[in-house]
Amino acid sequence: MTHVHAFLAVDTLLQDLTKCKEPFGGKDILLGGDFRQVLTVILRGSRTLTVASSLKKHAFWLKFHKLYLTKNMRALESERDFGAWLLDIGEKKSGSTIQLPLQCYPSIKDPIHQLYSDIDFSSETPQELKGRALPTVNNERSMEINNKVL
């Protein structure tokens, strides 16, 4: 999401250009999105600073006329329950701890076997392997996985 200062700058610019003191110089501005999904990114910013940089938390937000969508047109009929569950999470109706459905958990398989089971290492080149990576949290774990693969 765009930082609130950017919206304020556009507001000031349009007021100056149109010589009209209404918000955005009297021009209609259409914003779309879900504030639960797109927070402003503040480099090394605290949660408080990140939330404060949101347009929705600024007094300027009160000047907007808001329309809310009530029907999820993108979710398939078979996914309606899942969409409702995600919405409950976004609206904090599910409590502080959530239980993910079993389908959200990967099957318990060896990740090395899943990624490399179809490879003959005697004939593969580094270029052919570069698209298959197991991200790790540190170099020690990376070396451990590399040694198992080789």
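What follows is calculated from the coordinates using simple rules that are stated; it is not laboratory data. What you see is a predicted model; the values in this text were computed from it and never measured. Reconstructed Cβ throughout: ideal geometry from the backbone, glycine too, with neighbour counts over all protein chains shown.
Under a point-charge model restricted to the Cβ atoms of Lys and Arg (+1) and Asp and Glu (-1), what is the dipole moment magnitude of the chain relative to its Cα centre, in debye to the nearest 20? Let's see the in-between values first.
Values: 20 positive and 17 negative charges, 186 e Å.
Approximately 900 debye in magnitude.
Got a sec? How would 70, 48 order by Cβ neighbour count within 10 Å, fewest to most? Please list the in-between numbers first.
Values: 70 5, 48 9.
Placing the least packed residue first, the sequence is 70, 48.
Cut-off 10 angstrom, C-alpha nodes, Gaussian network model of the chain. Which of 134, 76, 86 fluctuates the most?
Among 134, 76, 86, the largest mean-square fluctuation in the Gaussian network model of the chain belongs to 134.
Mind checking the full-extension length gain between residue 80 and residue 146? Use 0.36 nm per residue of separation minus the Cα-Cα distance, one decimal, nm.
Details: separation 66, 0.36 × 66 = 23.76 nm, distance 4.17 nm.
Contour length minus the Cα-Cα distance gives 19.6 nm.
Which shape class applies to the range 106-149: rounded if a/c is under 1.5, otherwise prolate when a/b exceeds b/c and oblate if not, where a ≥ b ≥ c are the square roots of the Cα gyration tensor eigenvalues?
Values: a/c = 1.89, a/b = 1.24, b/c = 1.52.
Cα axes put the range 106-149 in the oblate bin.
Determine the alpha carbon to alpha carbon distance for each of 63/93; 21/63; 19/57 and list only those over 21 Å. Walk me through the intermediate numbers first.
Values: 63/93 28 Å; 21/63 13 Å; 19/57 27 Å.
Pairs exceeding 21 Å: 63/93; 19/57.
What is the range 4-63's relative contact order, in percent, from Cα pairs under 8 angstrom and six or more apart in sequence? Can you show the working numbers first?
Numbers: 41 pairs, mean separation 16.5, N = 60.
Normalised by residue count, the contact order of the range 4-63 is 28 percent.
Check each of the trypsin sites (Lys or Arg not before Pro) in the range 32-102 and keep only those in coil by DSSP with at most 16 other C-beta atoms within 10 angstrom; list them in order.
Values: sites: 36, 44, 47, 56, 57, 63, 66, 71, 74, 80, 92, 93; in loops: 36, 44, 66, 71, 74, 92, 93.
Counting only loop positions with at most 16 other Cβ atoms within 10 Å, the trypsin sites (Lys or Arg not before Pro) in the range 32-102 are 36, 44, 66, 71, 74, 92, 93.
Looking at [x] 8.6; [y] 15.6; [z] 9.0, which value of mean projected area of the Cα convex hull in nm² comes from a calculation on the structure shown?
[y]
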